């Protein structure tokens with residue numbers, strides 16, 4: 001009996017999407033979606049579904065954090081400008 005196993009190649013976009021999601025969340029989200037679509041193709045034998053899934057999760061969380069940060073920043077900025085002397 002032969003115990004030979006063939007290592008499946010990991011999808012490059014899934015891996016890149018996972019890594020980039022920590023730096024540029026929107027890009028990681030988009031790349032993760034594209035990688036997932038590639039992995040869902042019928043004849044695709046690559047692995048990397050987990051990387052693609054986590055690229056989408058981390059990318060979405062990063063986008064939400066960025067949106068939250070922008071909302072907080074704008075509210076603090078407008079409040080500071082409203083209380084600035086000589087501008088009201």
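The values are calculated or read from the model by the stated rules, or taken from the named source; none is laboratory data. The structure displayed is predicted, hence computed values, not measured ones. Cβ atoms come from the backbone with ideal geometry, glycine included; neighbour counts cover every protein chain shown.
Brief remarks on what is shown
- Matching residues, the range 44-68, being surrounded by fewer than 20 Cβ atoms within 10 Å (Cβ to Cβ) and over 17 Å from residue 12 (Cβ atoms): 57, 60, 61, 62, 63, 64, 65, 66, 67, 68
- Qualifying residues in the range 9-50 (those that are in a loop (DSSP other than H, G, I, E, B) and touching a residue at least 40 places away in the same chain (Cβ under 8 Å)) - the one farthest from residue 63 (Cα to Cα): 11
- Verdict on residue 27 being modelled with pLDDT of 95 or more and surrounded by 19 or more Cβ atoms within 10 Å (Cβ to Cβ): no
- The condition of being touching a strand residue (DSSP E or B) at 6+ places or on another chain (Cβ under 8 Å) and not in a loop (DSSP other than H, G, I, E, B) does not hold for residue 69.
- Criterion (modelled with pLDDT of 95 or more and within 28 Å of residue 5 (Cα to Cα)) met by exactly one of 59, 32: 32
- Residue match in the range 71-80 (condition: under 18 Å from the mean Cα position of the chain (by Cα), surrounded by fewer than 16 Cβ atoms within 10 Å (Cβ to Cβ) and free of Cβ contacts under 8 Å to residues at least 24 places away in the same chain): no
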